[in-house]
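Below: one structure, written as structure tokens.
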Amino acid sequence: MNNIIYLDSAASALKSESVIAAECDFLRHNYANAGRGICARASNVDDMVANARERVARFINARPDQIVFTSGTTDGMNRIVHIINDCVCGTGIKNKTVMVSDLDHHSARLPFELLYDSDLCKIVLCPMDDKYNLMCSDLPCADVFVITAMSNVMGMAQDVAGLIAAARKKNPDVITVVDAAQYVVHNEIDVQKWDCDFMCFSAHKIGADTGLGIMYMKNPERWVSPDKFGGGMISKITGSAVEHNVMFQWESAPAKFEAGTLPLTQIIGLPAAIDYLSANRPNLDLIKYLYDRLSKNPRIKIITPRDATLLTFYVDGMHILDFGALVGARGLCLRVGNMCASWIHRALGVAGTARISVGSMNTMNDVMRAADIIESVVK
Ligand SMILES: Cc1ncc(COP(=O)(O)O)c(C=O)c1O
């Protein structure tokens, strides 16, 4: 496996030694649960979790109480639907208009589309220009706006602040939800500049571990009902459900939204991942190199612009899964298929594509070898 060329960081990033060391150290020497014990071990873990939350908050220019740990972007987007909908009263989204776009990953759009299917809300589309970027002009009026800050197929940063400002002109109360799963890898995020209500990303794509995500909430106390219930999120219960007079008092945010034991090992590796990524953003000259070299091959049809953060293409006369299998057999790891982004593939008029993405650890040598392999398969 040592000859593998890993060019699939947009699916999941490789881990730095610092992340692995932080997690191993925790598991070997410091392990305990958080938020439950008062012994020295347990309060040390509480401090480590608080430190990770502060590090994330600084990373996106937020306050620690606005940071909720989830299990990933998918989890965050699904949870936001329920939080907005007020899972206790279930009235929040009824008869509302939700704006999504063809750039969305299934994780961002399906949770809302399924509500649409059940006739709870209406779905409208954010317009795109001829380069598949979201347009700030001619936005339909919406109550909820789901924005993919960077598509995992097109790899271009969207004007999130402009889109939010434009949507607010149509409806000052619009709730804005940003999927930053790809954007966060390549760009600094400032949630205050975006002025979004919610934002999600996955830890594993920024070089931390799987099973952890971040959900930013601008006004955590605005959302009266949490969407998950269990240990650690409740401060007081009075009365009894048997007697129909039960009353719950939730903890304040973020604990209110973090029922149950958190993915502690992953959280403790997170600050190291943020430090590593901040100092070693992926080198996008590698993508430009591949663009310049592969665009010379008439059978390779590149879909993404030269300055995208990834390279998406298809091969004339070859099924994309055959292409993936052939380069894979030669040691090249890339992604083929619809990338869980059916709508943009439909808009592009192709069933599937191949995607090359680079991470912090990739070098020019990796992409030169990758181009050799691709050229040997596509003659
Ligand atoms: C833009 C985008 N949104 C959401 C997701 C879902 O992320 P996860 O599978 O980590 O929940 C991905 C993953 O590929 C993505 O690229």
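The values are calculated or read from the model by the stated rules, or taken from the named source; none is laboratory data. Predicted model only: the values in this text are computed from it and were never measured. Here Cβ is always computed from backbone atoms with ideal geometry, including for glycine, and neighbour counts include all displayed protein chains.
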- Task: Restrict the check to segment 144-161 and report whether at least one residue is on the phi > 0 side of the Ramachandran plot, under 14 Å from the mean Cα position of the chain (by Cα) and not hydrophobic (A, V, I, L, M, F, W, C).
- Result: yes
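Name the residue, out of Ala167, Ala208, Ala203, Ala259, that is within 19 Å of Asp104 (Cβ to Cβ), among the hydrophobic types (A, V, I, L, M, F, W, C) and in the same structural domain as Leu134 (by TED's automatic domain parsing).
Ala167
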- Could you name every one of the strands (runs of 3 or more DSSP E) located completely within segment 170-279 that has at least 3 residues being within 16 Å of the ligand (Cβ to nearest atom) and either closer than 30 Å to Ser16 by Cα or within 14 Å of the chain's Cα centre (by Cα) (or both)? 175-179, 198-202, 213-217
- Query: So, of the residues in segment 46-66 that are under 15 Å from Met217 (Cα atoms) and of a type in the set (Val, Ile, Thr), which turns out to be surrounded by the most Cβ atoms within 10 Å (Cβ to Cβ)?
  - Reply: Val56
- Query: Within segment 13-45, restricting attention to residues that are closer than 26 Å to Val184 by Cα and surrounded by fewer than 17 Cβ atoms within 10 Å (Cβ to Cβ), which residue is nearest to the ligand (Cβ to nearest atom)?
  - Reply: Leu14
- Task: Determine if segment 130-139 includes at least one residue that is assigned to a helix (DSSP H, G or I), at pLDDT 90 or above, within 15 Å of the ligand (Cβ to nearest atom) and buried (at least 17 other Cβ atoms within 10 Å of the Cβ).
- Result: no
- Check Val160, Val144 and return the single one that is under 16 Å from Thr73 (Cβ atoms) and either basic (Lys, Arg) or not assigned by TED's automatic domain parsing to the domain that holds Ala10 (or both). Val160
- Query: Where residues in segment 144-191 are among the charged types (D, E, K, R) and surrounded by fewer than 21 Cβ atoms within 10 Å (Cβ to Cβ), which of them is farthest from Val100 (Cα to Cα)?
  - Reply: Glu188
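Yes or no: Leu294 in contact (Cβ under 8 Å) with a residue 60 or more places away in the chain and either within 15 Å of Arg53 (Cβ to Cβ) or more than 27 Å from the chain's Cα centre (by Cα) (or both)?
Details: in contact (Cβ under 8 Å) with a residue 60 or more places away in the chain: yes; either within 15 Å of Arg53 (Cβ to Cβ) or more than 27 Å from the chain's Cα centre (by Cα) (or both): yes.
Yes; evaluated as a whole, the condition is true for this residue.
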